[in-house]
Structure formats: C-alpha cells, structure tokens
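Only one structure is covered here, and it is reproduced in the block below.
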Amino acid sequence: MKHFIRPLLSLALLFVAGTAMAQPALYVEGTHYETIAKPVRTADPNKVEVTEVFWYGCPHCYAFEPLLESWVAKLPSDVQFVRSPGMWNAMMQTHAQIFYTEQALGSFDKTHKLVFDTIQQQHNYLQTKEAVRDLFVTKNISPADFDKAWDSFSVKTAVKQAEARMKDYGVNGVPNIIVNGKYRVSNNDAVTSHAQILQITDYLIAKERASLKH
C-alpha cells in the first residue's frame with residue numbers, strides 16, 4: 001500500500017504545480033494597468049517609486065485621499081511615495097503651483113488638506129495668488145514668506161517638470177498611480193474602485209521589487 005500511495009502523491013503534487021503554473025496573472029496588462037511605452041526615470045533606482053498624479057480640483061482625488069493616506073502610512077522602507085500634480089489647463093497649473101509652494105514652505109502637513117477642503121467643500125477654486133495667500137495666512141504663514149515661495153524659480157521649475165512628467169507618464173485623467181515609472185493604474189471598466197487601484201498598485205510593487213532583486 002505504501003508503494004501505491006507514493007506515486008499517487010507525486011502525481012497529485014505535479015497536478016497542483018501544473019495548475020498553479022496555468023493560473024492567469026491576478027491583474028492583466030492592458031486591462032487593469034498599462035505599461036508606459038518609455039519608462040520614466042525615478043529618483044532612487046534602489047527603491048520602488050509610487051507616484052500619485054492628482055489635482056486639487058478633482059473630487060475623485062479628494063475622495064481617494066483618506067484611503068491613500070492610510071495606505072501610504074503602511075508602506076515598507078523600500079517603497080518611496082511621491083505626489084505629482086496633473087495639469088492641462090491654467091487652473092490646474094495654478095493648483096500645481098500651490099502644491100510646490102507648500103513644498104517650498106514646508107507647510108504640506110498644515111495646508112494640503114486645507115486646500116483640498118477649501119476647493120471641494122467651499123467651492124473656492126483658489127485661482128489667484130491673492131486667494132491662495134489669504135488661505136495660507138490662516139495657518140500662520142507670513143505673506144512675505146508666501147510670496148517668496150510662490151514666485152521662486154524653484155517652484156516655477158517644479159511646475160514645468162511636473163507637467164512634462166505627466167506627459168511622459170501618458171496621463172490624461174486623475175487620479176492616476178504610476179509604479180516605478182513603468183506602469184500606470186487608473187479607473188476604467190475593469191478598475192472600478194479606489195481600493196482596487198491600490199490592490200493593483202501593491203501587485204505591481206511586488207512585481208518591481210522582485211525585478212530589483214535580480
């Protein structure tokens with residue numbers, strides 16, 4: 001009987017292994033994510049970079065924010081998360097300038113949610129420098145410091161770089177998630193929730209992590 005069981009066990013293991021190999025990928029290129037034709041260089045080649053392309057005026061980005069923040073807080077040390085504003089009109093360029101002014105002032109933690117809330121809840125779209133300055137002043141940022149950052153060469157350069165980067169990513173809507181400059185994830189007929197976007201992003205992070213180890 002022992003000699004009979006062993007061949008059966010071996011056959012069973014072969015069947016399971018063959019079935020696992022035959023299983024389709026959990027997420028499919030062209031359906032759940034897109035491969036960027038020309039990979040975009042990342043800041044640190046030793047880490048998996050995840051970029052959210054967003055817009056303060058986008059209600060979907062606003063709804064995504066709490067879930068995204070919770071997800072980012074749990075990222076391992078080998079994953080670097082960055083935000084990059086999307087823009088294809090003058091208002092979006094102004095909102096991109098808001099974002100990079102926050103970076104220059106070191107005020108992101110105080111002003112990022114405030115800007116989102118002001119636009120999405122109060123329907124104040126912050127389309128002028130004066131309107132943005134008035135908002136930042138409520139967070140104890142001096143008008144002079146604000147003006148210096150807003151008008152700085154570094155902020156204006158960052159806006160231009162973000163616009164070029166968005167084109168390189170092939171982004172035509174927000175929010176989009178870019179994984180390691182190679183893959184683009186966004187809502188479509190097959191990706192219908194923000195949670196699913198992050199699940200696909202986790203899948204692509206694992207895919208990239210494996211490639212970095214080789």
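Each value in this text was obtained by applying a stated rule to the coordinates, not by laboratory testing. Quantities reported herein were computed from a predicted structural model and do not represent experimental measurements. Glycine also receives a Cβ, built like all others from the backbone with ideal geometry; neighbour counts cover every protein chain displayed.
Sticking to Cα atoms, compute the Rg of region 69-214 to one decimal and its Dmax as the biggest Cα-Cα distance, whole number, in Å.
In Å, with Rg to one decimal and Dmax whole: 16.9, 52.
Considering only the other residues whose Cβ falls under 13 Å of the Cβ of Leu135, what net charge follows from Lys and Arg at +1 and Asp and Glu at -1?
Net charge in that neighbourhood comes out at +1.
In debye, nearest 20: dipole of region 28-212 around its Cα centre with unit charges on the Cβ of K, R (+) and D, E (-)?
It works out to roughly 340 debye.
Please sort 67-78, 30-41 by packing, taking for each peptide the average over its residues of neighbouring beta carbons within 10 angstrom, highest first.
My ranking of the peptides, most packed first, is 30-41, 67-78.
Rounded to the nearest 500, what is the chain's calculated 222 nm mean residue ellipticity when only DSSP H runs of at least 4 contribute -39500 (n - 2.57) each, over all residues?
Per the formula, -18000 deg cm²/dmol.
What does the highest-first list of 148-160, 46-58 look like by mean Cβ count within 10 Å?
Those peptides, ordered most packed to least, come out 46-58, 148-160.
Quick one: length gained pulling Ala63 to Asn124 fully straight, 0.36 nm per residue minus the C-alpha distance?
20.2 nm
Straight-line reach from Lys167: which aspartates and glutamates fall under 17 Å, measuring Cα to Cα and dropping same-chain residues less than 8 apart?
List returned: Glu34, Glu52.
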